[in-house]
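The values are calculated or read from the model by the stated rules, or taken from the named source; none is laboratory data. This structure is a prediction, so every number in the text was calculated from the model and none was measured. We place every Cβ from the backbone using ideal geometry, glycine too, and count neighbours over all the protein chains shown. Areas reflect the complete protein model, heavy atoms only, side chains present, ligands, DNA and RNA absent. Shrake-Rupley method; radii C 1.70, N 1.55, O 1.52, S 1.80 Å.
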Amino acid sequence: MASHEGFATLDSSMADRLPEVSQHLFRAKAVKGVSFEDMAKALDRSEVAVAGMFYGQVQASADDVVTLSHMLDVSEESLAPLMRFPDRGHAAPMPPVEPLIYRLYEIVQNYGYAFKAVLNEKFGDGIMSAISFRTDVDKELDEAGNPWVVITLKGKWLGAPRPWRQR
């Protein structure tokens, strides 16, 4: 994602992979100079959830559409596709080629089984939901003033179903 005057804009390499409404949203966002944080506060959602709407990965409610329409000065009709079921997982090639996305992918490659072992030890057999899920991104500064990224992933634990019993 590129940055324009401190606000995230659509990376041009992604434009052809996204729904038309996504391009419309990013253009309106750039014109209005609105941040994901501003929209998140107005929608009472996380910044990542709002950005996910822009990429067609998170479903918007009717109220979300009304609020975004007013904030971005675009018609509600043009934002109606946001209320469709999301089409997750089609925005980027695999493995990712964008460096930041690749680093996140690399974290899962390197630590995924360690995460799984610790989660299974704490919760038993099962998975973390990516539907009943929230995430936040924060910025912290260390003692030397260097910026650190803090990504919180919070998903409902879905225990493994009990095996069928034969009678």
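Worth a mention:
- Within the straight-line cut-off of under 20 Å between alpha carbons, the aspartates and glutamates reachable from Lys156 are Asp44, Glu47, Glu121, Asp125, Asp136, sequence neighbours fewer than 8 places apart in one chain being disregarded.
- Restricting the calculation to Cα atoms, the range 25-167 shows an Rg/Rh of 1.04 when the hydrodynamic-style radius is the Kirkwood one.
- Estimated distance in nm for a label pair at Ile107 and Glu20, the labels positioned 7 Å out from Cα along Cα-to-Cβ: 3.6
- Packing-based order for 134-142, 16-24, using average beta carbon neighbours within 10 Å, highest first: 16-24, 134-142
- Tyr111 accessible area, assembled protein chains, probe 1.4 Å, Å²: 130
- Distance between the 7 Å Cα→Cβ label points at Leu158 and Asp125: 1.6 nm.
- Springs between Cα atoms under 10 Å define the GNM used for the chain, and in it the highest mean-square fluctuation of Pro99, Pro147, Pro86 occurs at Pro147.
- Extension gain, Glu77-Val149: 0.36 nm per intervening residue step, less the Cα-Cα distance, totals 22.3 nm.
- Computed FRET value (nearest 0.05) for Thr135 with Gln59, which takes r as the C-beta separation and R₀ as 22 Å: 0.90
- Greater than 25 Å apart at Cα, pairs in Lys41/Lys122; Lys41/Lys116; Lys29/Lys139: Lys41/Lys122; Lys41/Lys116
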